[in-house]
Amino acid sequence: MMTDGPQRRRHAVQRNRKKIRDVSAASPVPEQVWSQTAARRTIGLSLLGLLAAGILAGFVLQIGNSDSGGFDEIVAQAVTRLSQADEARVREICSHCHRLPTPDVLPRSAWEDTIWEMFRESGYGTTVKWGVDPSSVVAWYEERAPEQFTFPVTDESREPDGLPLDKRTIASHPSPAPRVVSNILVANVVGDEHPEILVCDMFNGQILMGRTSEPDWHLEPVAEVPNPAHVEAVDLDADGRIDLVVASLGSYLAMDHNLGGVEWLRQREDGTFERSTLADGLGRVADVQPDDFDGDGDLDLVVAEFGWHTTGHLLLLENNTLPGQPAEFDVREIDGLHGASHVDVVDLDGDGLRDIVALYSQGHEMVRCYLQKGKFVFTVHDLYRAPSPTWGFSGSQLLDLDQDNDLDILLTNGDTFDNSLLKPYHGIQWLENQGELQFVPHQLGTLFGAYRAAATDLDGDGDADVVACALIAPSAQGMHLSDRKLDSLVWFEQVAAGEFVRHTLESDQCHHPTLTLSDYDLDGDVDLLVGNGQLHFTVAPSERSCLDLWENKRNPQADAP
């Protein structure tokens with residue numbers, strides 16, 4: 001489908017915005033062309049409830065086009081009380097949702113609550129509007145589901161020989177509540193020779209900065225932002241000073257609202273930051289990435305509005321700021337689908353135009369790309385769909401993992417905040433780019449609660465290694481930690497192209513929402529910065545640490561700051 005042309009509404013700084021209708025039913029399909037329409041939108045993400053999307057919708061969604069073999073007949077039997085007209089209506093409503101979940105993606109005891117919840121959240125009621133008793137759907141799944149999960153034997157792990165890592169905690173300014181780190185960025189912000197470390201505390205609503213040029217550096221608040229999810233360092237106004245652009249969730253817990261937004265922390269001459277709102281009235285904003293999409297010399301912004309049930313979009317904020325005037329952006333909708341948690345801007349097809357690659361969870365569980373054809377017109381392609389709507393995607397990174405001169409995609413799936421279950425398919429995988437938008441999935445390793453992975457050459461042998469961390473809901477930890485040892489930080493050493501050896505760096509500390517890899521101390525090797533999220537108030541303030549620094553001592557060319 002092609003719209004008649006880009007229609008836009010100008011959005012000035014701090015202008016009130018209206019909550020828009022749910023347009024998820026109008027989300028694009030592969031090969032569909034969209035010219036983005038500017039409208040007032042709403043945005044999303046949370047560490048709690050990333051996978052709140054409806055499994056039941058997926059149950060009926062693929063009745064006519066399931067790729068799961070005999071499920072057409074099985075699903076038809078499960079909805080025998082529907083008339084042909086009603087069944088056609090269900091197909092129409094659910095035709096662009098996620099894949100049909102097979103019974104083995106959850107243990108038997110989990111299906112009843114899941115089915116009833118999804119009936120309620122589907123927006124179509126239960127028996128009356130669906131024309132089927134949810135109990136019959138529950139019975140069908142329970143009959144075929146396993147009594148319990150069968151967990152695979154964890155990949156054999158070796159001690160990290162030859163990689164000396166010195167772990168220490170980084171102090172932060174006292175906070176009234178435990179800090180929950182959603183993002184870590186290492187960037188040169190103040191302009192000296194040493195980088196700064198920026199941390200988003202999504203619970204206390206602060207951006208923290210560590211100035212590594214100082215001998216005993218620690219993290220100090222530099223700005224207040226409602227529940228920040230992600231920060232990028234960029235000179236947005238081209239004044240020669242590095243600013244910060246922040247994705248603001250607007251709430252800690254997952255919910256539908258219009259409290260999220262995109263914040264601009266403009267750096268003043270004295271090194272402090274002035275906060276301005278670039279887009280407000282949004283839902284939960286998970287990610288923001290700056291880039292010049294139209295080649296006019298200024299920076300536009302791609303915004304992942306994660307949303308929840310009735311909110312969520314992928315947006316592009318076109319920079320139309322006039323010289324000497326307040327920041328002004330036109331809001332363009334790229335996709336009406338909720339659940340986008342991460343976005344990357346690259347030239348994926350080599351045509352010289354900037355494209356977008358987005359990771360979706362919330363039951364959609366897919367990687368989708370948007371190839372720009374000029375003037376903000378995009379074609380949409382689904383690069384990968386996970387086998388199940390319970391997959392729980394949690395992070396992504398684009399890089400050339402196998403060194404064949406194209407971009408692969410590194411992924412983690414390990415969300416436990418939907419039903420507190422550790423799942424045997426949690427872990428890290430990568431999508432091998434085979435050209436022509438064809439990607440082949442490869443399992444890299446199992447990791448319960450896998451929440452973030454990053455890749456770089458950690459051991460200095462010329463190829464990219466992978467480090468992954470785990471975040472497990474406190475309720476799930478109580479269910480499982482008593483009888484099993486869980487890895488919380490793992491290094492996957494690449495020993496040959498696409499071949500990895502697992503090294504456990506840490507166990508039973510599964511409270512890491514994020515990490516980043518960077519030579520923060522400029523000594524010639526890559527260090528690990530791992531964020532913490534103590535998701536309960538029982539941790540004593542003296543024991544709280546929002547950041548763990550694993551300093552790499554492999555190649556100490558200089559003393560650490």
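The values are calculated or read from the model by the stated rules, or taken from the named source; none is laboratory data. Just so we're clear, the structure is a prediction, and the values are computed from it rather than from any experiment. We place every Cβ from the backbone using ideal geometry, glycine too, and count neighbours over all the protein chains shown.
Numbers below:
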{"quantity": "Of the criteria (1) in contact (Cβ under 8 Å) with a residue 60 or more places away in the chain; (2) in a strand (DSSP E or B), which one residue 198 fails", "calculated": "(1)"}
{"quantity": "Considering residues of the range 238-264 that are touching a residue at least 60 places away in the same chain (Cβ under 8 Å) and surrounded by fewer than 18 Cβ atoms within 10 Å (Cβ to Cβ) only, the residue farthest from residue 179 (Cα to Cα)", "calculated": "238"}
{"quantity": "Single match in 478, 533, 498 (criterion: at positive phi and either at pLDDT below 80 or in the same structural domain as residue 401 (by TED's automatic domain parsing) (or both))", "calculated": "498"}
{"quantity": "Residue in the range 329-351 that is hydroxyl-bearing (Ser, Thr, Tyr), at pLDDT 95 or above and more than 26 Å from residue 494 (Cα to Cα) present", "calculated": "yes"}
{"quantity": "Neighbours by Cβ (under 8 Å, 6+ apart or cross-chain): first from the range 420-436, at positive phi; second surrounded by fewer than 19 Cβ atoms within 10 Å (Cβ to Cβ)", "calculated": "420/475; 420/479; 427/443; 435/406"}
{"quantity": "Single residue of the range 308-333 satisfying the filter (buried (at least 24 other Cβ atoms within 10 Å of the Cβ) and within 18 Å of the chain's Cα centre (by Cα)) that is farthest from residue 413 (Cα to Cα)", "calculated": "316"}
{"quantity": "In the range 536-550, residue modelled with the highest pLDDT [restricted to those that are out of contact with any His (no Cβ under 9 Å at 6 or more places or on another chain) and of a type in the set (D, E, K, R)]", "calculated": "544"}
{"quantity": "Candidate set: the range 201-215, residues that are in a strand (DSSP E or B) and of a type outside the set (A, V, I, L, M, F, W, C); chosen: the one surrounded by the most Cβ atoms within 10 Å (Cβ to Cβ)", "calculated": "201"}
{"quantity": "Leading residue by the ranking (farthest from residue 474 (Cα to Cα)) among those in the range 398-412 that are touching a residue at least 40 places away in the same chain (Cβ under 8 Å) and surrounded by 23 or more Cβ atoms within 10 Å (Cβ to Cβ)", "calculated": "401"}
{"quantity": "Odd one out for residue 519, checked against (1) modelled with pLDDT under 95; (2) under 26 Å from the mean Cα position of the chain (by Cα); (3) not hydrophobic (A, V, I, L, M, F, W, C)", "calculated": "(1)"}
{"quantity": "Residue check for residue 337: surrounded by 24 or more Cβ atoms within 10 Å (Cβ to Cβ), closer than 16 Å to residue 260 by Cα and touching a residue at least 12 places away in the same chain (Cβ under 8 Å)", "calculated": "no"}
{"quantity": "Number of the condition not met by residue 362 [criteria: (1) in contact (Cβ under 8 Å) with a residue 24 or more places away in the chain; (2) touching a strand residue (DSSP E or B) at 6+ places or on another chain (Cβ under 8 Å)]", "calculated": "(2)"}
{"quantity": "Residue match in the range 342-362 (condition: more than 23 Å from residue 307 (Cβ to Cβ), polar (S, T, N, Q) and in a loop (DSSP other than H, G, I, E, B))", "calculated": "no"}
{"quantity": "Filtered residues of the range 424-441 (kept if crowded, with 24+ Cβ neighbours inside 10 Å and assigned to a loop (DSSP other than H, G, I, E, B))", "calculated": "426"}
{"quantity": "Any chance residue 444 is assigned to a strand (DSSP E or B) and either basic (Lys, Arg) or buried (at least 24 other Cβ atoms within 10 Å of the Cβ) (or both)", "calculated": "yes"}
{"quantity": "Of all residues making up the range 304-319, the number that are at pLDDT 95 or above and either of a type outside the set (D, E, K, R) or not assigned by TED's automatic domain parsing to the domain that holds residue 239 (or both)", "calculated": "11"}
{"quantity": "Within the range 489-539, tally of residues that are of a type outside the set (A, V, I, L, M, F, W, C), in contact with an Asp or Glu (Cβ under 7 Å, 6 or more places away or on another chain) and part of a strand (DSSP E or B)", "calculated": "8"}
